[in-house]
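**Q** One structure coming up, written as structure tokens, with questions to follow.
The values are calculated or read from the model by the stated rules, or taken from the named source; none is laboratory data. In this text the structure is predicted, and so the values were computed from the model without any measurement. When we count neighbours, we look across all protein chains shown, and the Cβ atoms used for this are built from the backbone with ideal geometry, even at glycine. In case anyone asks, the SASA skips ligands and DNA or RNA and just uses the protein heavy atoms, side chains included. Shrake-Rupley method; radii C 1.70, N 1.55, O 1.52, S 1.80 Å.
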Amino acid sequence: AGSDFAVALIPSNSGSAQERTIGGFVQASFAGDLGARKWSGNIGLRYTRTNVTSRGFGQEILSITTPPGLDPIVNLSPPQAISEKGSYDEWLPSANVKFDVLDDVVFQAAVAKTLTRATLSDLLLIRNINPRPRERAITDGNPGLQPMVGWNYDAALTWYTDRSSYVSAAVFQKDLKNLSESVTTTVEILGLDFRRTRPENVGDDRIRGVEFSGQYTFTGLPAPFDGLGVQGNVSFVGDEGNTFNVVGFYEKGPLQMRLAYNHRDAYEQTARGNRGQPVNVAAYGIWDASINLALNDRFTVFAQGLNLFNEKTFLYSVYQERVISYESYGPRYAIGIRANF
């Protein structure tokens, strides 16, 4: 700040985004017999409306001067408080059905329309300006972002080998619209070209895939080992990045323990990122663990660790030699107590 290490407010980088939502839903459940087999299901309809208000400070670029031997200096107008409003509403229907094909085989199907709101930080009225000749760039938010809306279709067939073990195969499809990405375009300011990057709604997509999952509990082992079990699943979705998860667990009496490994293959995060180039995410795998001990019907103590082995996040553009970022957030640990009233 010129004299000490106190925080200095930069108006153009400061702002807020507020969402107010109202909604409601109705749901009906049904069940019956089809011949000798049972079936059940439900249908529902949800309505939601969201009003968005983004506040920040607006500043216009008045001039750009370049002192000898120094980087260019952007001269801005005094900051003026500004705000933008937006709103959207959606009807979100859903339906689920379950049918007992055999005594130990169950068919399930579901369809639902869902809504995913934009990240609040993408809605902020903020702007960063880099006037350096080889890097001229502007990054800002977009209060007008629309939520991502999707129609989701799922069908699964599950075979229960005993009361707590199963194998399952499923297919799914997601039809998405209003996808958002960071988009870079070129804008001219005072006769100079700047690369402007901001989140935009970029169109639609369709994701299809299959998933295989299962769980096995070692109930045949002598106590106390009869609480051991393992579960896992693998999803194949092509370019979106295949995933698999494996979990070992112990559940018996008041004690629950879990050790999980989650893996995702490399995938493309956006086709138009930095300087209009693709942004890719390298494959990664994360280990998590948790333990819960119920002291009684009301209180449970727990401990958990996330990203135990400090997996890194690596972003690149097309080729791994074109590094965008290599980040480490480190492992996270938590201990606490839960209470039910």
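**Q** Give the calculated FRET efficiency between residue 83 and residue 198 to the nearest 0.05, with a Förster radius of 25 Å applied to their Cβ-Cβ distance.
**A** The formula returns an efficiency of 0.90 here.
**Q** So, one more: Ignoring ligands, DNA and RNA, what percent of the 1.4 Å accessible area of segment 81-169 is carbon and sulfur?
**A** Numbers: 2810 of 5090 Å².
Solvent-exposed carbon and sulfur of segment 81-169 make up 55 percent of the total.
**Q** Which parts of segment 292-309 would a label at residue 340 reach, counting a residue when its backbone N lies under 14 Å from a point 7 Å out along Cα-to-Cβ?
**A** Only 293-301 pass the distance filter.
**Q** Report the label-to-label distance for residue 207 and residue 292 in nanometres (one decimal), using points 7 Å from each Cα along the Cα→Cβ vector.
**A** For residue 207 paired with residue 292, the spin-label model returns 2.6 nm.
**Q** Further question: What trypsin sites (Lys or Arg not before Pro) in segment 234-300 are in a loop by DSSP, with at most 10 other Cβ atoms within 10 Å of the Cβ?
**A** 298
**Q** Can you give the extra length, in nm with one decimal, that the chain gains between residue 282 and residue 333 once fully stretched, where that is 0.36 nm per residue apart less the Cα-Cα distance?
**A** 15.9 nm
**Q** Still on this model: Using just the Cα positions, wrap segment 94-195 in a convex hull and report its mean projected area in square nanometres, one decimal place.
**A** Projected over every direction and averaged, the Cα hull of segment 94-195 covers 10.5 nm².
**Q** At 1.4 Å probe size, with no ligands or nucleic acids counted, give the accessible surface of residue 300 in Å², nearest ten.
**A** 30 Å²
**Q** Once you place label points 7 Å from the Cα toward the Cβ at residue 132 and residue 116, how far apart are they in nm?
**A** 3.4 nm
**Q** Quick check on segment 256-341: what does the Kirkwood estimate of hydrodynamic radius come out to from the alpha carbon pairs, in Å?
**A** About 15.4 Å for segment 256-341.
**Q** How do 205, 33, 175 stack up against each other in accessible area, from largest to smallest, with a 1.4 angstrom probe?
**A** Numbers: 205 60, 33 100, 175 40 Å².
So, going from the largest accessible area down, we get 33, 205, 175.
**Q** If you don't mind, there's one more thing I want to ask. 7 Å from Cα along Cα→Cβ at both residue 10 and residue 30: what's the point-to-point distance in nm?
**A** A separation of 5.9 nm, rounded to one decimal place.
**Q** Provide the per residue accessible area, probe 1.4 Å, for segment 1-140, rounded to a whole number of square angstrom.
**A** 66 Å²
**Q** How much length would be gained if the chain were fully extended between residue 90 and residue 163, taking 0.36 nm per residue of separation minus their Cα-Cα distance, in nm to one decimal?
**A** Extending this stretch completely gives an extra 22.3 nm.
**Q** For a quick protection proxy, order the peptides 37-50, 116-129 by their average other-Cβ count within 10 Å, most packed first.
**A** Taking the mean over residues of other Cβ atoms within 10 Å, the ranking is 116-129, 37-50.
**Q** If you scale each eigenvalue of the Cα gyration tensor by 5 and take the root, what three semi-axes come out for the chain, rounded to whole angstrom and sorted largest first?
**A** Sorted largest first and rounded, they come to 47, 26, 22 Å.
**Q** Loop-only check: which GluC sites (Glu not before Pro) in segment 1-90 are DSSP coil with at most 12 other Cβ within 10 angstrom?
**A** Values: sites: 19, 60, 84, 90; in loops: 60.
Those that pass, being in a loop and sparsely packed, are 60.
**Q** Something else now. Treating segment 142-297 as a set of equal point scatterers at the Cα positions, no solvent, please give the Debye-formula log₁₀ I(q)/I(0) at q = 0.11, 0.13, 0.21 Å⁻¹.
**A** Debye curve over Cα of segment 142-297, log10 I(q)/I(0) at q = 0.11, 0.13, 0.21 Å⁻¹: -0.68, -0.84, -1.31.
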